[in-house]
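Chemist: One structure, as structure tokens, below. Some questions next.
The values are calculated or read from the model by the stated rules, or taken from the named source; none is laboratory data. Nothing here was measured: the structure is a model prediction, and the numbers come from that model. Using ideal geometry, Cβ is built from the backbone for each residue, glycine included, and neighbour counts are taken over all protein chains shown. The accessibility values were calculated without ligands, DNA or RNA, using every heavy atom of the protein model including side chains. Shrake-Rupley method; radii C 1.70, N 1.55, O 1.52, S 1.80 Å.
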Amino acid sequence: MKTKIIETHSAEKDLDKAPKEVVKSYEIWARLVEEHGVPILRNFKGYHDEKLKYEWEGHRSSRLNLKWRVIYKVGREGLLEVVSVVRVTPHDYRR
């Protein structure tokens, strides 16, 4: 299955401000997801990929390092899986 990643304006701004090592980790995460789809993340315990609750219901989170997370939502466009990256944040889930 082909996966397309879309970064929101907020996510782009977050990545501009993030440390270089976080951006590098995000790029590796994005490449994995694009090539293999979101289910591949379950094979890597370090990403600790999980569903979010409460005001982030319907979103998921993956670790990029001990502090930083990528918050995203998965959807479909026909046969294409679409991953919308909403935030790249130092574990502060406020919108």
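Chemist: Of everything in the stretch 1-23 that's basic (Lys, Arg) and surrounded by 13 or more Cβ atoms within 10 Å (Cβ to Cβ), which residue is farthest from the chain's Cα centre (by Cα)?
Modeler: Of everything passing the filter in the stretch 1-23, Lys13 is farthest from the chain's Cα centre (by Cα).
Chemist: Among the residues of the stretch 51-62 satisfying the criterion of being charged (D, E, K, R) and free of Cβ contacts under 8 Å to residues at least 12 places away in the same chain, which is surrounded by the fewest Cβ atoms within 10 Å (Cβ to Cβ)?
Modeler: Among residues in the stretch 51-62 that are charged (D, E, K, R) and free of Cβ contacts under 8 Å to residues at least 12 places away in the same chain, the one surrounded by the fewest Cβ atoms within 10 Å (Cβ to Cβ) is Glu57.
Chemist: Read through the list (1) at pLDDT 95 or above; (2) open to solvent by 100 Å² or more (accessible area, probe 1.4 Å); (3) basic (Lys, Arg), then give the number of the only condition that Arg87 fails.
Modeler: Here Arg87 meets the rest and fails (2).
Chemist: Taking the condition modelled with pLDDT of 95 or more, out of contact with any helix residue (DSSP H, G or I) (no Cβ under 6 Å at 6 or more places or on another chain) and not polar (S, T, N, Q), does Lys2 pass?
Modeler: In short, no.
Chemist: Would you be able to tell me the number of residues in the stretch 1-45 that are over 18 Å from Trp68 (Cβ atoms) and assigned to a helix (DSSP H, G or I)?
Modeler: Result for the stretch 1-45: 9.
Chemist: Every residue in the stretch 63-78 that is in a strand (DSSP E or B) and open to solvent by less than 60 Å² (accessible area, probe 1.4 Å), please.
Modeler: Arg69, Val70, Ile71, Tyr72, Gly75
Chemist: Also, quick follow-up: Within the stretch 51-62, how many residues are more than 14 Å from Trp29 (Cα to Cα), of a type outside the set (A, V, I, L, M, F, W, C) and either modelled with pLDDT of 95 or more or part of a loop (DSSP other than H, G, I, E, B) (or both)?
Modeler: Qualifying residue count, the stretch 51-62: 5.
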